[in-house]
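J.: Here you go, one structure.
Coordinate-derived values only; no laboratory data. Source: prediction; values computed, not measured. Here the Cβ positions follow ideal geometry from the backbone for every residue, glycine too, while neighbour counts run over all protein chains shown.
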Amino acid sequence: MDRFERQILLPGFGKEGQEKLSRSSVLLIGAGGLGCPILLYLAAAGIGKIGLVDGDVVSVSNLNRQVIYGEKDLGRKKVEVAAGHIQGKYRDLSIDQFAEFITPQNALKIIGDYDLVIDGSDNFATRYLVNDACVLLGKPLVFGAIYQYEGQVSVFNHRENSVNYRDLFPEPPALGEVPNCAETGVLGVLPGTIGTLMAAEAIKVISGLGKVLSGRVLFFNSLSAQSFEVSISPNPDARKQMPASKEEFENLDYEFMCEGVREKDWEQALSQLSEEAVLVDVREEGEFPLLEDFSHVKLPLSEIQKGLGLSGRKKEAWLFCQSGVRSKKAALLLQGLEPTLKIYSVRGGILAFPSSKKE
């Protein structure tokens, strides 16, 4: 018995639909709350090749919703754990691992090798970045997002002249205007629901089955079990803000555009340590793990108004906290206090610090 027998039996799908899935390649950006159910169901459905992009590691706060991971996986790279789990279930599936965050410098190269992209990220900078890359490359994009008890799903760039993410959100929200789940919380089953809907849209796009959520956004409320749709159309003014070329795209700072804050990852920060840069821990006293092997200063977020007093003496400051949320707030505040200092937030915080260097 073929493991896809129940799908092949479906009216309108059949062997042709299954063959389309097996020949397809899908890039999943984000292996978190949305990414886990998406990956599980795409792999089970018979997608031929899946690329997985995420530079994060598993932390205990992930476990209420990121259902591929368990306590034994804490501190391990998400893409390695997720890929190992799926390959142990389905030997015929090819999985590409990208243990890094998507950036303007690597996005076009990575995305270019896949038929369809699914954005399971949790921040606006990545959503705008992925959307713009997909528009430049002509790739369909399945989008989803969650907030507390609510979620939304849509499909962008499905066909020529179809809508994209900028038509839905012409302007990024101000930093802190729309908090993420690290600040407001999230019901664990919600990303499972939204992620499953996203996987269904991906399967529809690839197989040609049903009516794709293109030009429409589906909103779902888990508290009331109600959903509704909103139609969207191209926004000429919003599209003028998009990069017009690959060169312009690669030079656009999406974090600064969306949040007014520049970001570095740990590899960038540690490789560029010099007398002209300072590493700053903005966590409060008593927070662990400590950072012992690299010179740094302490300036808790609660005392950020004191400033660093380094204008004119240092060129850059790299701020880190536990998960990367507070360091963005601190960076935004310090930019006004230290106008000659170029300030960055370290992406992912101490939880994303290379495990081989942790205390």
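J.: Write down the radius of gyration of the stretch 130-249 and its Dmax, each obtained from C-alpha positions, in Å.
T.: For the stretch 130-249, the Cα radius of gyration and maximum Cα-Cα distance read 15.1, 46 Å.
J.: Checking the cross-link filter: which lysines have an alpha carbon closer than 21 Å to that of residue 77, excluding same-chain neighbours under 8 positions apart?
T.: Within the straight-line limit of under 21 Å, residue 77 reaches these lysines: 49, 89, 264, 357, 358.
J.: So if R0 is 51 Å, what FRET efficiency would residue 285 and residue 10 give, r being the distance between their Cβ atoms, rounded to the nearest 0.05?
T.: Taking R0 as 51 Å, the efficiency between residue 285 and residue 10 is 0.30.
J.: Using alpha-carbon positions, what is the distance between the centroids of the stretch 242-268 and the stretch 150-175, in Å?
T.: Distance between centres, Cα-based: 18 Å.
J.: Here's another thing I want to ask about it. Do any trypsin sites (Lys or Arg not before Pro) in the stretch 215-320 lie in a loop, going by DSSP, with at most 13 other beta-carbon atoms within 10 Å of their beta carbon, and if so which?
T.: Those satisfying the criteria are 240, 313.
J.: What is the calculated FRET efficiency for residue 298 to residue 74, with r their C-beta to C-beta distance and R₀ = 35 Å, to the nearest 0.05?
T.: E(calc), rounded to 0.05, equals 0.85.
J.: I'd like the antiparallel share, as a percent to the nearest 5, of DSSP beta bridges with both residues in the chain.
T.: Among the beta bridges of the chain, antiparallel pairing accounts for roughly 35 percent.
J.: Taking the alpha-carbon centroid of each part, what is the distance from the stretch 288-359 to the stretch 96-118 in angstrom?
T.: 28 Å
J.: Go ahead and estimate [θ] at 222 nm for the chain from helices alone: -39,500 (n - 2.57) per DSSP H run with n ≥ 4, summed, over the residue count, rounded to 500.
T.: -9000 deg cm²/dmol
J.: Could you give the length gained by full extension between residue 149 and residue 276, i.e. 0.36 nm per residue of separation minus their alpha carbon distance, to one decimal place?
T.: My answer for the length gained is 41.2 nm.
J.: Where in the stretch 33-91 are there trypsin sites (Lys or Arg not before Pro) that are in a DSSP coil and have at most 12 other Cβ atoms within 10 angstrom of their Cβ?
T.: Here the sparse-neighbourhood loop sites are 91.
J.: Dipole of the chain, Cα-centred, from +1 at each Lys and Arg C-beta and -1 at each Asp and Glu C-beta, to the nearest 20 debye?
T.: Magnitude of the dipole: close to 640 debye.
J.: OK, next. Can you list residues from other chains, or at least 5 along the same chain, whose modelled amide H is less than 5 Å from the amide H of residue 56?
T.: Those lying under 5 Å, H to H, from residue 56 are 78.
J.: Another one. Taking K and R as +1 and D and E as -1, what net charge do the other residues with C-beta under 12 Å from the C-beta of residue 158 add up to?
T.: With Lys, Arg at +1 and Asp, Glu at -1, the neighbours total +3.
J.: Projecting each Cα onto the charge dipole of the stretch 261-357 (Lys/Arg +1, Asp/Glu -1 at the beta carbon, about the Cα centre), which of 336, 302, 272 comes out farthest on the positive side?
T.: Of the listed residues, the answer is 336.
J.: Using amide H atoms built in the peptide plane, which far-off residues or other-chain residues are under 5 Å from residue 345 H to H?
T.: For residue 345, whose amide H was placed from the backbone, the distant partners under 5 Å are 262, 263, 264, 319.
J.: Quick one: net charge around residue 78, please, counting Lys, Arg +1 and Asp, Glu -1 for every other residue with C-beta under 15 Å from its C-beta.
T.: Residues close to residue 78 contribute a combined charge of -4.
J.: Check every DSSP H run in the chain and write down those whose alpha carbon atoms cover 24 angstrom or more along the long axis and whose mean Kyte-Doolittle hydropathy is 0.0 or greater.
T.: For the chain, where a helix must reach 24 Å along its axis and average at least 0.0, the hits are 189-207.
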